[in-house]
Every structure is written in C-alpha cells, then in structure tokens.
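Take a look at the structure below.
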Amino acid sequence: MYLILRKVDTSGNYDLCYRYRDLEEAKAKYQELLETIPPSKLSFVETSRHQLYVDIDDEGCPTVTQAHGVPLATTDYPGIVQLATILEADYDDPKDYVDGVPVCVTPSLVKYMIDSAKISVLVPDATTETKGVVRLANEEESAYETANNGPDGLAVLQPEAAKRMQGYVTEYAPSVSNIKEALDDIYATIYYVPLAITSFTVKPGTGFEVGQSVDLMFTWSYNKNNINEQTFEGESYGLKVRDTIVEGVSSNHTFSLRAFDGKTTVGKTLTVSFMRRIFWGADVKRESFDSDWLRGLEFSQLKSNYKGSYTADAARGTPPDPDLYMYIACPEVPGDANWKMPDMCVINNWDTELYNCGTIEHTNDYGVTMTYRIYRTTQDGIGKTTMVFN
C-alpha cells in the first residue's frame with residue numbers, strides 16, 4: 001500500500017492522507033499535488049517499509065505521525081507491526097522478521113495463500129466427536145427427501161434455507177410451516193405451564209369508613225415471568241409492572257386484574273368497601289343520648305349491614321351501683337333494608353324484644369352525619385350477653 005501525506009508543521013505531523021494499492025496511481029496523484037503543494041510538505045511512503053502512528057483526539061480528529069517511540073507489539077501488549085511478505089507468511093517454511101518489527105499476516109493475504117495452495121491448513125474433517133472442516137451443502141445434498149453426503153470427503157453442513165423446508169404442512173397446526181416450528185410447537189405444548197395469578201393484594205386494606213378518601217397500592221405476581229399482555233382496570237400495563245397506585249378512592253369499587261400468556265387468560269378482582277359503624281356495650285338506664293355517649297360505648301365495628309352477633313357484659317351492680325343494660329346503636333339508611341335493624345333479636349336461643357330508645361344524629365370522624373337508632377335490653381343485670389340479628 002502507498003500513502004501520500006501532507007505535513008502541517010516541522011514536527012512530522014500530517015493532516016492529509018491519500019491511500020493507493022497501485023503504484024502508478026499513487027505516483028500520478030503525487031505529481032498532481034506537487035502543482036499546489038511544495039515537495040517539502042509531501043511524503044510518499046510505502047507502508048511495508050514505513051511505520052506510522054495514528055492518534056485520535058477527544059473530538060475524533062486523527063493525527064498521523066512517524067511512529068518514533070511507539071513500542072513493538074508483543075503477546076502481552078499492543079504496538080507496531082509490519083505486514084508480512086509472502087515469504088514471511090509461508091506456513092510451510094515461515095521466516096522470522098529481520099528488521100525487528102513483528103510480522104502480521106493480513107486476512108486477505110492468508111486467503112490468497114490458501115486459494116493458491118501456497119500453504120496447507122492442517123485442520124481435520126469434522127466428525128460427530130471432533131471439531132473440523134465442513135462445507136455448506138448444495139441444494140441436492142441438503143434435501144431432506146434425498147439427502148446426499150459430500151463427494152469431496154468433507155462433512156456437509158445444511159444451510160439455513162434447507163432447514164426451513166418451506167411447504168411442510170400438518171392438519172393439526174396449519175400455521176406451522178417447517179420441522180423446527182413443528183418441534184418447537186410440540187415442546188411448547190408438552191412443557192406448557194398455564195398462567196396463574198399467585199397473589200393480588202392491596203394496602204392499606206379493603207374496608208374503610210364512609211367519608212374516608214384513601215390512596216390504595218395494589219401489588220400482584222404470576223407463576224411465571226413470560227406474559228404477552230396484562231391490564232389493570234382495563235388499562236394496559238408494561239409486561240414487567242407488578243404494582244400500581246390508585247389515589248383518592250372514596251366509594252365502593254371492584255378492581256380487576258387480567259393477564260394473557262398467549263394461551264391462557266387469567267383474572268382476579270379485589271373489592272374495596274366503605275362501611276358504616278355499629279356501636280354497642282353496657283350502660284345504666286338512660287333517658288337521653290348524644291354522640292359523646294355513642295363514642296363512649298365499649299365496642300364498635302365497621303359493617304356492610306346490621307346482621308351479626310354482638311356481645312357485652314350487662315353486669316348486676318353491687319349496691320349502691322345500679323344494674324347495667326345492654327345497648328346497641330345502628331345507623332339507618334332510608335330505603336336500604338340492610339340498615340333497617342329490627343327491635344327484636346335472639347338471646348340464648350330465644351327471640352327477645354328490645355326497647356326502642358329513639359334516634360340521634362351522629363357525625364363520624366370523616367364529617368358524614370347519619371341517623372342512629374338505639375335499642376337496649378328490657379332487663380338489666382343479665383350478665384354477659386350476645387345479641388344475634390339474623
């Protein structure tokens with residue numbers, strides 16, 4: 001290879017380089033440049049006899065200089081090399097470099113020497129047990145119906161085009177068009193694990209009091225990582241996402257998660273409810289009631305309806321302490337039978353009438369005002385008692 005370099009200063013730096021493989025073309029370009037550039041600024045070099053050093057700065061600009069001070073290449077460190085001549089690269093009779101610069105054989109030169117039989121490659125033929133030389137099969141050799149071995153003694157490797165075998169059909173899977181696809185489909189079917197949602201949870205919970213507004217964090221997981229699509233509340237989510245936050249929830253709602261793995265569609269739901277609070281406990285006989293009294297009862301529970309069991313201790317007082325009655329206070333919702341608590345319950349397996357103490361207006365901790373109906377037992381001092389409302 002021949003290079004024409006233009007000097008930019010007296011230190012040996014260059015900013016222009018022309019490269020030619022043909023000597024006559026290189027000479028012609030050199031004569032053309034001499035018309036505008038003095039010969040002192042030009043260098044005409046043959047790379048097999050001249051070493052160069054190329055430096056690229058932070059902005060990507062190269063600088064070519066003579067390779068003074070650059071180390072020689074070794075097996076441990078990079079450095080200067082010289083392209084080998086045919087004589088030096090001859091594999092049958094290799095010659096060591098004589099000018100002190102390691103010899104590097106270019107790939108194109110190696111190919112030329114192999115093609116022209118200047119060297120022999122001592123690599124064995126490939127077998128089922130030993131690595132070695134193979135040749136790509138031609139169309140006749142690679143046909144599955146009439147497969148042939150290579151006549152030259154080399155192992156034959158079927159190219160990708162032969163493996164595809166276009167035209168393969170099966171009545172079981174018409175979309176499968178080659179043997180590889182058919183085998184992949186069989187293995188996928190045999191070892192297929194149906195998709196399942198292993199968990200679907202929400203924090204801080206699913207039950208809240210009427211009037212609350214909460215931020216909910218949902219998390220979920222599957223029995224495998226490979227899914228094709230997933231949706232939360234009908235909205236598509238990234239395939240790696242496993243959580244989401246819903247802000248400002250203040251009413252009953254059922255949240256849904258769906259996923260699909262290419263074969264199986266799975267889904268789960270979580271219902272978040274906003275409930276009313278029932279209060280109960282034991283107290284002396286009273287004629288008037290208010291919110292402070294209601295909050296002072298020993299027990300309370302968020303409920304979606306009045307039904308359930310409520311236990312308290314209406315103990316007999318030691319004189320001069322009076323005997324206690326058992327009270328229960330339930331919110332009323334006009335038109336909603338779930339909150340129309342009757343004036344009768346079951347105590348000790350007996351239907352028992354309750355005394356209707358009337359109603360009060362109560363505002364909960366979240367600013368919602370409700371009407372509460374208050375009942376008590378007709379007998380006092382009945383001890384630990386459970387009211388059952390069916």
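The values are calculated or read from the model by the stated rules, or taken from the named source; none is laboratory data. Small disclaimer: the values here were computed from a predicted structure and weren't measured. Glycine gets a Cβ as well: all are built from the backbone with ideal geometry, and neighbour counts include every protein chain shown. Each accessible area value is taken on the protein alone, full model and side chains, heavy atoms only, with ligands, DNA and RNA left out. Shrake-Rupley method; radii C 1.70, N 1.55, O 1.52, S 1.80 Å.
Lys-Lys pairs in region 261-370 that are eight or more residues apart or on separate chains and whose Cα atoms lie under 25 Å of each other come to 5.
Surface calculation, 1.4 Å probe, protein heavy atoms: residue 236 sits at approximately 90 Å² accessible. Under a 5 Å amide H cut-off, with hydrogens placed 1.01 Å from N, residue 261 pairs with 228 among residues at least 5 apart or on other chains. The trypsin sites (Lys or Arg not before Pro) found in region 278-313 that occupy coil by DSSP, while having at most 15 further C-beta atoms within 10 Å, are 285, 286, 307. When only alpha carbons are used to place a centre, region 218-247 and region 178-198 end up 23 Å from one another. Considering region 321-390 at the alpha-carbon level, its Rg and Dmax are found to be 13.6, 42 Å. Annotation for region 316-379: trypsin sites (Lys or Arg not before Pro) lying in DSSP loop with at most 13 further Cβ atoms inside 10 Å of their Cβ are 316. Ordering of 350-361, 318-329 by packing is 318-329, 350-361, highest average first (other Cβ atoms within 10 Å, averaged per residue). Working note: Karplus 6.51/-1.76/1.60 with θ = phi - 60° gives region 24-33 the couplings 5, 5, 5, 5, 4, 5, 5, 5, 5, 5 Hz, where Gly and Pro are set to x.
Taking every alpha-carbon pair under 8 Å whose residues sit at least 6 apart, region 263-390 reaches a relative contact order of 29 percent.
The H on the amide N of residue 209, modeled in the peptide plane, is under 5 Å from the matching H of 275, each at least 5 residues off or on a different chain. Let me make sure I get this right: for region 278-369, a, b and c are the square roots of the gyration tensor eigenvalues over alpha carbons, sorted descending. Under 1.5 in a/c it's rounded, otherwise prolate if a/b > b/c, else oblate. Which is it? Verdict is oblate for region 278-369. Note that region 229-245 has calculated 3J(HN,Hα) couplings of 6, 8, 9, 10, 6, x, 9, 5, 10, x, 5, 9, 6, 9, 7, 7, 10 Hz, one per residue in order, obtained from phi through the Karplus relation 6.51 cos²θ - 1.76 cosθ + 1.60 (θ = phi - 60°); glycine and proline are x.
Stokes-Einstein, applied to the Kirkwood radius of region 234-390 over Cα pairs at a viscosity of 0.890 mPa s and 25 °C, places its translational diffusion at 132 µm² s⁻¹. Of the residues 23, 270, ranked by 1.4 Å probe accessible area with the largest first, the sequence reads 23, 270. Phi angles of region 280-286 translate, via the Karplus equation with coefficients 6.51, -1.76, 1.60 and θ = phi - 60°, into HN-Hα couplings of 7, x, 10, 6, 6, 5, 10 Hz per residue; Gly and Pro are given as x.
For region 332-377 and region 258-317, compute the distance between their C-alpha centroids and round to whole Å. Their Cα centres are 13 Å away from one another. Of the residues 322, 282, 346, the one whose Cα sits farthest toward the positive end of the charge dipole of region 238-386, with +1 on the Cβ of Lys and Arg and -1 on the Cβ of Asp and Glu, is 346.
The residues of region 308-386 present an accessible area of 56 Å² per residue when probed at 1.4 Å with all protein chains retained.
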